[in-house]
Amino acid sequence: MTFCISENIDLQPFCTLAIPAKARFFCVATCVDDIRQALDFARTQELPFMVLGGGSNVVMKSDFSGLVIHMALRGIDLQANLPPDADAGINDKVYIAAAAGEPWQALVDFSLAHGLWGLENLNLIPGTVGAAPIQNIGAYGVELDQVFYDLQALRVSDGELVVFSKSACEFSYRDSFFKRTKGEYIIVSVRLCLSHKGVAKLAYPGLADHFDPVSLGALVPSAVAERVAELRRAKLPDPTVIPNAGSFFHNPIVDSEQAEHLRSLHPDIVSYAQADGRYKLAAAWLIDRAGLKGELSDGVGVHAHQALVLINPGRREGINVLNFARRIADRVEALFGVRLIIEPQIYP
Ligand code: FAD
Ligand code: NAP
């Protein structure tokens, strides 16, 4: 496909929150050279740029006066370009490399079709492969870093390709090096280490109790993925029907003292002990208990089945969504003394 830069493009179809916002310039990158050309253009015109994958974790606060680079690099390779220290085949490990613009679901489906363990709990997460490391995507008790091997990223300052090992990505709960250095690197491919032999991770509520304990040993990854899909479909709104960006706030992590204090005031508060002694509070519980679940105001609302998901059925502007989110965070803070932090990335 010939690389070209278009002007004045409506971003609403590119973002799952369906916020009406325009990009002054917009291009689709199908290879690394396209990204380099796009960056050259932005540099020459002295414009800001932003990288857009599936638009499932962004909020457009207003029009973007720079260049949007929409990632469309494709390709999934089984055991391609093995790292020198790779032990593919040992313990039935398999390495898969995927280009940044591949839909995440295409990679999950590919792994399941090959009978590989590793991505089954991460089934049905919207977005692209290249965005997955940004917030170390996670669901149903599994996070990307558990199967991650390395990635290749283009350094914006000089256009060079750089390999990041798992430790260099500095993954933590819904966070990574790349989230903290936004705009410095563009991820072009990701390599994962999966396995033909695996143990189903069923600790998350709704998983283990679904399967017959006698046949657990014969479980295949696609059966777990199917159960995850069932749970997700029952609770989370399909963005093509009700615009949303998934969880709108992070689950707050508080120290044990604050958790204990909150438990004394609200004995039924939902919290999970972390390995470092702190506690993760379920933000959905805080919002629900603040009486906001199902609330709808001027086209923006809190999903009726999951209070952590803000919905934008009125296809309102980013500023309306963010004002609504601020009101939620204010109410929760007033009641519980905990400030909710927005999870999606806000532009410009
Ligand atoms: P975008 O929204 O396009 O971009 C997000 C950020 O990443 C932006 O800052 C963008 O600039 C940057 N970025 C994107 N691609 C690249 C790249 N190649 N290089 C550098 N920067 C890049 N998340 C979870 O963790 N777990 C879930 O279970 C989950 N469920 C969801 C369910 C729904 C219904 C929705 C709408 C969202 C959900 N999300 C979930 C959030 C979202 O799907 C993920 O964060 C996903 O990885 C975002 O991918 P994307 O391609 O849409 O990223
Ligand atoms: P849920 O099951 O209603 O659980 C609510 C919250 O409690 C979740 O955020 C989860 O934290 C936490 N939790 C539940 N059981 C837990 C356990 N046994 N140990 C530790 N933490 C536990 O959540 P849901 O909304 O239906 O989502 C299901 C999964 O999909 C969750 O993992 C969630 O993170 C993921 N998801 C993420 C997004 C997003 O945009 N980020 C959107 C939709 C779904 P964790 O979030 O840490 O798992």
> Toward the positive end of the charge dipole of region 24-64, about the Cα centre and with charges on Cβ (Lys, Arg +1; Asp, Glu -1), which of Pro48, Phe25, Val58 goes farthest?
Replying inline: Val58
> How large is the helix-only mean residue ellipticity at 222 nm for the chain, computed as the sum of -39500 (n - 2.57) over DSSP H runs with n ≥ 4, divided by its residue count, in deg cm²/dmol to the nearest 500?
Replying inline: -7000 deg cm²/dmol
> Across 10 Å bins from 0, what is the distribution of all Cα-Cα pair distances for region 121-269, in whole percents?
Replying inline: 9, 30, 31, 24, 6, 1
>> Leaving out ligands, DNA and RNA, and with a 1.4 Å probe, what % of the accessible surface on region 277-348 is carbon or sulfur?
In response: 46 percent
>> Filter Lys179/Lys201; Lys22/Lys280; Lys166/Lys280; Lys197/Lys293; Lys179/Lys235 down to the pairs with a C-alpha to C-alpha distance above 32 Å, please.
In response: Lys22/Lys280; Lys197/Lys293
> Listed highest first by mean packing, meaning other Cβ atoms within 10 Å per residue, what order do 38-50, 9-21, 125-137 come in?
Replying inline: 125-137, 9-21, 38-50
>> So the label point goes 7 Å from the Cα of Arg155 along Cα→C-beta, right? Which residues of region 166-208 then have their backbone N under 14 Å from it?
In response: 184-186
> How much length is gained if the chain between Glu260 and Asp212 is pulled fully straight, taking 0.36 nm per residue apart and subtracting their Cα-Cα distance, in nm to one decimal?
Replying inline: 13.6 nm
>> Once neighbouring chains are kept in place and the probe is 1.4 Å, which whole percent of the accessible area of region 154-257 is contributed by carbon and sulfur?
In response: 54 percent
>> Over 10 Å intervals from 0, what percent of Cα-Cα pairs in region 121-196 sits in each interval?
In response: 19, 56, 22, 3
> Relative to the Cα centre, what is the charge dipole magnitude of the chain, using +1 at the beta carbon of each Lys and Arg, -1 at the beta carbon of each Asp and Glu, and rounding to the nearest 20 debye?
Replying inline: 620 debye
> Can you give the convex hull volume per residue for the Cα atoms of the chain, as a whole number of Å³?
Replying inline: 147 Å³
> Per residue, how many Å² of accessible area does the chain show with a 1.4 Å probe?
Replying inline: 46 Å²
> If you count the DSSP beta bridges with both ends in the chain, what percent of them are antiparallel, to the nearest 5?
Replying inline: 75 percent
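The values are calculated or read from the model by the stated rules, or taken from the named source; none is laboratory data. From a predicted model like this one, the values you see are computed outputs, not experimental measurements. Virtual Cβ from ideal backbone geometry, glycine too; neighbours counted across all protein chains shown. Heads up: the accessible areas ignore ligands, DNA and RNA and are worked out on the full protein's heavy atoms, side chains in. Shrake-Rupley method; radii C 1.70, N 1.55, O 1.52, S 1.80 Å.
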